[in-house]
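A.B. asks: Handing you this structure, nothing more for now.
The values are calculated or read from the model by the stated rules, or taken from the named source; none is laboratory data. None of these values were measured; they are calculated from a predicted model. Cβ sites come from the backbone with ideal geometry, for glycine too, and all protein chains shown count toward neighbours. SASA here: full protein model, heavy atoms, side chains in, ligands and nucleic acids out. Shrake-Rupley method; radii C 1.70, N 1.55, O 1.52, S 1.80 Å.
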Amino acid sequence: MNKFLLTLAIGVTTAVSVAQTQQDSITFDPQYQQNAAQRILSADNNAVTLGAYGEITYNQPEGDNGELDVQRLVMLLGYQFNDKVQFLTEIEFEHVEEVYIEQAFVNYNIANNVNLRAGLMLVPMGIINEYHEPTTFNGVERPAIAGSIVPTTWREIGLGVNGRINSASLSYQAYIFNGFQSTTSDGTGLIGGSSGLRGGRQKGIKSTVNTPNLSAKLEYYGILGMRLGLSGYFGRTQAADEVDMLDGADVGMSMLGLDARYVYKRFTARGEYIYASLTDTEDYNALTGRDLGSALSGWYAEAAYNLLPMRNRQKLFAFARYEDYDTHAETEGSLTENPAYDRNDLTLGLSYHIAPGVVFKGDYQIKNNAIDGADSMNQLNFGVGVWF
């Protein structure tokens, strides 16, 4: 037992040291930037690998009380069984009181640049759903389309492959997942309205599945400093056994995403566009009494500039992000489009990276919707994020 504990301690110490070395060499170049799972899977060791990320935020809406929150603390654990087989899991504590498993999958390197994965995994759609660690994006809060349209953090149980085609400067992912749950056993609708698809995430919690869904993504990295992504998600939502034969218990969905990230010296930019088309929403709304739109769409564009010299290990990014998103981009039947769901946000702020893996953030958001004469819902945000 003592020998085992000594071996484990040496392994963990080595793994943490490797992770810190990788952290010290972190780059904002999208061609080389890794998320938490990629970093742990790329660690060259045969031991337990540990890591974590977390963020504490302060949100102050105009004319209302402010809110302080430990939004999340995520513990990362990985183990390399041999040079081909690894396991990774992320254990997330949200708002101090809620515990979730964010990822838990086995990665099997079956051939050069080809990996088989199985378990609870992130759906590869857009940027933020895969790169949501607080030091990887500007702004205290994630972009709004990564809330209701791509409901970050969106993860489900599945099986698939990923890898690279280096000769074509392409990386690829393709998975079969269970889908969103749209209806509970008593006919309650879980998706619709302002929050879009967010309420349908099953998160691997006794997930129900009627039909499998396909998720895939291609990324091109052949242009210096740039990464371009094309994502797709196709299938149907899932309904509980008691209601799955009823008209409107589930809906069909097709989602497409385009994204781009670019860096040149001290300048960085990114943007994405997401469009989701849903079928059978008229029957769904009649069954559940919800107001699910037949199309959801959104986009954002962001530019940032590092105000500090490039030789400085610290970085101070001033950024601006504009986003436009609508969970009632289209509706079916008698349901009319709700202008309150047609929203746009302008976010202006600073991200101060005081060390690799530690960032202080502050920004001001001007929020509007399409209601005539609606007041702006402005908000001041501050936060601190860590990732190691």
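A.B. asks: Would you check if Tyr175 is open to solvent by 40 Å² or more (accessible area, probe 1.4 Å) and in contact with a strand residue (DSSP E or B) (Cβ under 8 Å, 6 or more places away or on another chain)?
C.D. replies: no
A.B. asks: Tally time: how many residues in region 365-388 are touching a helix residue (DSSP H, G or I) at 6+ places or on another chain (Cβ under 9 Å) and either of a type in the set (S, T, N, Q) or not in a loop (DSSP other than H, G, I, E, B) (or both)?
C.D. replies: Selection size over region 365-388: 6.
A.B. asks: While we're here: Could you list all residues from region 190-227 that are within 30 Å of Arg266 (Cβ to Cβ) and either open to solvent by 10 Å² or more (accessible area, probe 1.4 Å) or part of a strand (DSSP E or B) (or both)?
C.D. replies: Matches in region 190-227: Lys217, Leu218, Glu219, Tyr220, Tyr221, Gly222, Ile223, Leu224, Met226, Arg227.
A.B. asks: Mind checking which residues of region 90-110 are out of contact with any Gly (no Cβ under 8 Å at 6 or more places or on another chain) and not charged (D, E, K, R)?
C.D. replies: Ile91, Phe93, His95, Val96, Val99, Tyr100, Asn107, Tyr108, Asn109, Ile110
A.B. asks: Tally up the residues in region 228-260 that are crowded, with 23+ Cβ neighbours inside 10 Å, free of Cβ contacts under 8 Å to residues at least 60 places away in the same chain and not in a strand (DSSP E or B), please.
C.D. replies: Counting residues in region 228-260 that are crowded, with 23+ Cβ neighbours inside 10 Å, free of Cβ contacts under 8 Å to residues at least 60 places away in the same chain and not in a strand (DSSP E or B) gives 1.
Each row is one residue, and each column tells you yes or no for (1) assigned to a strand (DSSP E or B); (2) over 21 Å from the mean Cα position of the chain (by Cα).
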site	(1), (2)
Arg321	yes, no
Asp324	yes, no
Glu337	no, yes
Asn344	yes, no
Leu350	yes, yes
Asp363	yes, no
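A.B. asks: Being among the small types (Gly, Ala, Ser) and either at pLDDT below 95 or out of contact with any strand residue (DSSP E or B) (no Cβ under 7 Å at 6 or more places or on another chain) (or both) is the filter here, so list the residues in region 272-288 that pass it.
C.D. replies: Across region 272-288, the qualifying residue is only Ala286.
A.B. asks: Ok, one more. Go through region 41-90 residue by residue and tally those that are farther than 28 Å from Arg117 by Cα and within 25 Å of the chain's Cα centre (by Cα).
C.D. replies: Number of matching residues: 12.
A.B. asks: Could you tell me which residue of region 22-36 is surrounded by the most Cβ atoms within 10 Å (Cβ to Cβ), considering only residues that are at pLDDT 80 or above and under 11 Å from Trp387 (Cα atoms)?
C.D. replies: It comes out as Ala36.
A.B. asks: Right, another one. All but one of (1) at pLDDT below 80; (2) open to solvent by 60 Å² or more (accessible area, probe 1.4 Å); (3) not β-branched (Val, Ile, Thr) hold for Lys84; state the number of the condition that does not hold.
C.D. replies: Result: Lys84 fails condition (1) only.
A.B. asks: Could you list all residues from region 261-297 that are over 20 Å from Asp186 (Cβ atoms), open to solvent by less than 10 Å² (accessible area, probe 1.4 Å) and hydrophobic (A, V, I, L, M, F, W, C)?
C.D. replies: Within region 261-297, Ile274, Ala276, Leu278, Ala295, Leu296 qualify.
A.B. asks: Just to be sure I understand, how many residues within region 321-346 are within 29 Å of Asp375 (Cβ to Cβ) and open to solvent by 40 Å² or more (accessible area, probe 1.4 Å)?
C.D. replies: Adding up the residues that qualify gives 10.
A.B. asks: Could we say that Gly78 is modelled with pLDDT under 95 and more than 21 Å from Gln202 (Cα to Cα) here?
C.D. replies: yes
A.B. asks: Further, regarding this structure: On the given criteria, is Val243 of a type in the set (A, V, I, L, M, F, W, C) and modelled with pLDDT under 95?
C.D. replies: The answer is yes for Val243.
A.B. asks: List the strands (runs of 3 or more DSSP E) that sit entirely inside region 98-177 and contain at least 2 residues that are more than 21 Å from Leu218 (Cβ to Cβ), of a type outside the set (Lys, Arg) and without any contact (Cβ under 8 Å) to a residue 12 or more places away in the chain.
C.D. replies: Here the list reads 98-111.
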